[in-house]
Amino acid sequence: MSAISSFYEKQAETIIKALQKRQISGRYCPDGKSAAEYVCSRIPEGAAVTWGGSESIRQCGLLDALKQAPVTLWDRAEVKPEEMKAFYRKAFSADYYLMSANAITLDGRIVNIDGNGNRVAALSYGPDHVVILAGMNKVVSSLEEAVDRAHNIAAPPNSIRLGLETPCTKDGVCHHCFSKQKICSMLHVLEFSRDPERIHVVLVGETLGF
Ligand code: SF4
């Protein structure tokens, strides 16, 4: 095992212990392929599955794997713009919600920013099962760093990916803007889950997403 793989594994063990105190379970997978297989194995046959916009879950092959799995996928890519609001609300009733994180602190806090709020709403009070899949590139040491990462590392490439008209798409730097298409309308910090069965974090020992 390489030094970086060993480092990721040990760091993930530390985070998973911290998550347990917050009634959030966790698992480490060394690479995206094994993470995709693992997440698929957790989802029972026939379950309704949907997800928040995430490069990580696409990059690791999870979405492709789910298309071959015996589950029902609610894919927002197939939804017309005028039906999107209803779809986001329907997503609350899925059996499983998949997403990534913009940052995860060493003490187990999970930070996300959102433009519409549908993803952080689903995480807060949506489906009975939420799986957060995140590469170890998302790990930071403090909440302050997590918020900074969300604004300066995660949001600008996501804004570019979505073709938004925001200052960060022009120079790659967060200006804490008030643009109409601002992708950072809401800042969400997951501190604890009252339901210990609800949220599961899969940490992946490679770079995934932004
Ligand atoms: S410039 Fe605006 S949209 Fe871009 S990262 Fe900063 S607050 Fe978010």
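Does any residue in the stretch 3-25 that is at positive phi come within less than 6 Å, Cβ to Cβ, of a residue that is assigned to a helix (DSSP H, G or I) six or more places away or on a different chain, and which pairs are these? Nothing qualifies. Scanning the stretch 36-46 for residues that are crowded, with 18+ Cβ neighbours inside 10 Å and touching an Asp or Glu at 6+ places or on another chain (Cβ under 9 Å) turns up Ala36, Ile43.
Scanning the stretch 49-67 for residues that are more than 20 Å from His129 (Cβ to Cβ) and modelled with pLDDT under 95 yields a single hit, Glu55. Where helices (runs of 4 or more DSSP H) fall wholly inside the stretch 48-92, no range has 3 or more residues that are on the phi > 0 side of the Ramachandran plot and either in contact (Cβ under 8 Å) with a residue 24 or more places away in the chain or touching a Leu at 6+ places or on another chain (Cβ under 9 Å) (or both). When the residues of the stretch 143-196 are narrowed to those that are closer than 28 Å to His129 by Cβ and of a type in the set (S, T, N, Q), which ends up modelled with the lowest pLDDT? Among those residues, the one meeting the criterion is Asn158. Per the listing Ala103, Ala121, the residue uniquely at negative phi and crowded, with 23+ Cβ neighbours inside 10 Å is Ala103. Go through the stretch 155-171 and give me each residue that's among the small types (Gly, Ala, Ser) and surrounded by fewer than 13 Cβ atoms within 10 Å (Cβ to Cβ). Within the stretch 155-171, Gly163 is the sole residue that qualifies. Only a single criterion out of (1) touching an Asp or Glu at 6+ places or on another chain (Cβ under 7 Å); (2) over 24 Å from Val39 (Cα atoms); (3) more than 16 Å from the ligand (Cβ to nearest atom); (4) not aliphatic (A, V, I, L, M) is not satisfied by Asp95, namely (2).
The values are calculated or read from the model by the stated rules, or taken from the named source; none is laboratory data. Predicted, not measured: the structure shown is a model, and the values here were computed from it. Note: ideal-geometry Cβ built from the backbone for every residue, glycine included; neighbour counts use all protein chains shown.
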